[in-house]
Amino acid sequence: MKYPFLANEISRLKSASDAERVIKKFVCVIPRLSGSMIACCINILSKRSDIVSHDYLRKITNKLITYDKDDKRPFLLKCLDVRDVCTILNSFSNLNYNNESFLNAASDRLNSCLDSITARESSNAIFSLTKLNPSSKLFLNKPIKQFVNTRDLTEQDTSMLITALCNRKNNRKRDVNLLIKAADSQKDHFSDQSLSNIVNSISKLACNSSDRDKYITFLNRLIPIISARLDNGGITVQGISNIANGYGKLGIKNEGLYYRIGCNLVNRILEFTPRGIINVLNAYAKIDYPHKNSFVVSAKYLIDKLDDFTPQCYGNVLAAFAKFNHNFKDQNITKFYKACSVKLCYVNDFSNYIPQNYCNILNGLAKVGVVDDKLFTNFSIQLENCDCKFAATDVSVLIKAYSKSSVLRKGFLAKFCTLAQQMSKEMSPMELSSSINSLDKIYRVDLSSPNSNFSPCDIVEMKNNVKNTLKSLLMTVKNKADENVQFRALDIKLIRKCIERLKLGDNESNISQSQVD
């Protein structure tokens with residue numbers, strides 16, 4: 001039985017109370033609707049996430065998967081066509097509605113008809129299931145080759161499947177390789193959207209894969225195609241951002257590609273979101289490509305968009321600009337640094353900050369010499385009291401940033417000296433050298449100046465804390481040297497200077513000349 005009026009009524013919903021009334025009616029008549037009408041109504045509801053709550057969706061899914069005792073028939077989902085099941089899955093993924101019982105039932109239905117499912121239907125289903133539950137072994141537990149005939153795959157299907165696998169927690173290597181092979185044969189026919197999606201997804205897959213080189217080789221084969229599209233201005237600004245981010249993430253440096261990306265960024269700056277611009281600049285930093293026009297134009301544009309910045313935006317953009325601080329000087333860039341610093345001085349909610357944000361912001365500003373006491377004090381208070389899990393790299397970077405400021409807090413110094421001692425074995429030779437050099441600078445700061453608020457006891461305690469940490473780090477250097485860990489000549493020079501200044505003797509300086517690489 002069809003109820004065309006129901007679809008029209010759902011499409012005209014204006015409020016949550018309307019939604020409750022109509023969905024109640026919809027749930028009551030579900031057993032008498034055709035599969036296509038059920039899918040159609042749910043699809044319309046998925047476009048009204050502002051008024052459709054998960055409680056309403058739970059009532060719908062319960063009706064679809066509950067055995068109907070009155071009609072003495074199995075749950076309705078088992079009777080729906082595969083296309084309708086795929087439509088419902090896609091609708092729920094758009095609403096971010098994850099119901100484990102429903103996903104189990106939907107997967108059973110899809111697995112029961114693998115012989116008849118099309119490439120497009122399987123692509124849609126996999127994409128939706130993965131979006132809802134990345135760790136699910138449901139429908140995706142079958143090898144892709146079993147239910148996807150690669151001859152029927154369109155470039156859009158391939159793009160969706162690669163994106164889905166990228167979001168999964170566990171992937172079969174043969175599944176990924178099968179899709180890479182399909183993508184390679186289709187690359188000349190990719191739409192601009194599929195091209196950017198595939199670059200973004202494959203770069204994520206490659207980061208932690210033993211087949212990284214294979215993926216990079218494939219991405220290199222896409223460069224001529226992408227370059228031609230960029231020349232024609234066909235790729236959207238979001239696509240450009242994804243492509244820059246993908247190639248930058250893997251350190252693939254192709255100056256022709258990044259020059260074209262830069263030209264698009266400069267000429268279409270008004271079309272980009274702040275995050276899109278920052279992704280491009282961040283990619284430049286990762287591959288060490290200083291495209292001056294991109295940075296100058298971006299600085300001038302972004303200075304009025306700081307209200308839209310997240311902690312990650314601030315961190316990434318300041319790290320990118322600081323990377324090339326010595327390559328180009330421009331008043332727009334200097335103004336941008338100062339504007340960021342002023343804005344960050346008044347941050348009072350640090351709930352969304354992670355260690356990497358603190359590191360990139362503080363180190364970025366310290367590198368370019370924009371060190372505001374109020375900002376560094378506020379951030380040091382947060383760092384002192386937060387429960388973040390810091391990596392060895394974070395500790396080294398933060399100590400370096402604060403060694404360039406005039407801000408020193410007893411609690412902050414005690415915490416990060418302790419962390420440095422605990423994590424010294426995890427530090428690389430460069431991080432050890434940096435930490436030692438930074439702590440040496442802090443040790444030589446005159447804490448008894450008139451502007452200092454430290455008591456004589458505080459000063460003695462802080463100095464001893466730093467000196468003991470230096471001794472601990474220098475002992476780690478000695479141990480690493482004994483294990484034939486290679487140190488750069490510059491690292492050795494900095495470490496030896498510190499030893500001489502502190503008059504610690506030769507015990508901590510046992511690094512032979514053969515270990516200078």
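FYI, it's all coordinate maths here, none of it is from the lab. Just so it is clear, the structure is predicted and the values come from calculations on it, not from any experiment. For neighbour counting, all protein chains shown are included, and Cβ atoms are generated from backbone atoms with ideal geometry for every residue, glycine included.
With contributions of -39500 (n - 2.57) from each DSSP H run of at least four residues, the per-residue ellipticity at 222 nm computed over the chain stands at -21000 deg cm²/dmol. Can you figure out the FRET efficiency of residue 339 with residue 459, using R₀ = 41 Å and their beta-carbon distance, to the nearest 0.05? Efficiency at R0 = 41 Å is approximately 0.70. Expressed as a whole percent, the proportion of Cα-Cα pairs in the stretch 390-517 lying more than 25 Å apart is 22%. With contacts taken as Cα pairs under 8 Å at a separation of at least 6 residues, the chain carries a relative contact order of 6 percent. Legend: calculated FRET efficiency, residue 426 to residue 388, from the Cβ-Cβ distance at R0 = 22 Å, rounded to 0.05, equals 0.85. Computed from phi, the 3J(HN,Hα) profile of the stretch 181-187 under the Karplus parametrisation 6.51, -1.76, 1.60 (θ = phi - 60°) reads 5, 5, 5, 5, 6, 9, 4 Hz, with x in place of Gly and Pro. Could you list the residues of the stretch 429-464 with an amide nitrogen less than 11 Å from a label point located 7 Å from the Cα of residue 497 in the Cα-to-C-beta direction? The answer is 437-438, 441. Taken one residue at a time, the phi angles of the stretch 264-276 give Karplus couplings (6.51, -1.76, 1.60, θ = phi - 60°) of 5, 5, 5, 7, 10, 3, 5, 7, 7, 7, x, 5, x Hz. Gly and Pro are set to x. Taking other Cβ atoms within 10 Å as a rough exposure proxy, 376, 102 sort from fewest to most as 102, 376.
Basic side chains Lys and Arg get +1 at the Cβ, acidic Asp and Glu get -1 at the Cβ, and with that the dipole of the stretch 1-113 about its Cα centre reaches some 260 debye. Across all directions, the shadow cast by the convex hull of the stretch 178-282 built on its C-alpha atoms averages 6.1 square nanometres. Distance between the 7 Å Cα→Cβ label points at residue 5 and residue 98: 4.0 nm. Dipole of the stretch 1-113 computed with +1 at Lys/Arg Cβ and -1 at Asp/Glu Cβ about the Cα centre; of 57, 29, 92, farthest Cα towards the positive end is 29.
Between helix 35-45 and the chain there is an angle of about 40 degrees, using the helix long axis and the longest principal axis of the Cα atoms. Derived from the Cα gyration tensor, the three semi-axes of the equivalent ellipsoid of the stretch 1-113 are 21, 16, 13 Å, largest first. Helix 331-345 versus the longest principal axis of the chain: what is the Cα-based angle in degrees, 0 to 90, to the nearest 10? In the chain, helix 331-345 runs at an angle near 80 degrees to the longest axis.
In this Cβ point-charge picture (+1 for Lys and Arg, -1 for Asp and Glu), the stretch 253-402 has a dipole of about 520 debye about its Cα centre.
Each Lys and Arg contributes +1 and each Asp and Glu -1, all at the Cβ; summed about the Cα centre of the chain, the dipole is approximately 240 debye. Find which of 453, 405, 395 sits farthest along the positive direction of the dipole of the stretch 390-517, computed with +1 on the beta-carbon of Lys and Arg, -1 on that of Asp and Glu, about the Cα centre. The residue sitting most towards the positive pole is 453. With the charge dipole of the chain set up from +1 on Lys and Arg Cβ and -1 on Asp and Glu Cβ about the Cα centre, the Cα lying farthest toward the positive end among the listed residues 380, 270, 243 is that of 243. Compared with the dominant principal axis of the Cα atoms in the chain, helix 489-502 is inclined by about 50°. Rg/Rh for the chain: what does it come to with C-alpha atoms and Rh from Kirkwood? That ratio equals 1.07. With all pairs of separate Cα atoms included, the stretch 283-339 yields a Kirkwood hydrodynamic radius of 11.5 Å. For residue 487, nonlocal amide neighbours, meaning residues 5 or more places apart or on other chains whose placed amide H falls under 5 Å from its own, are 517.
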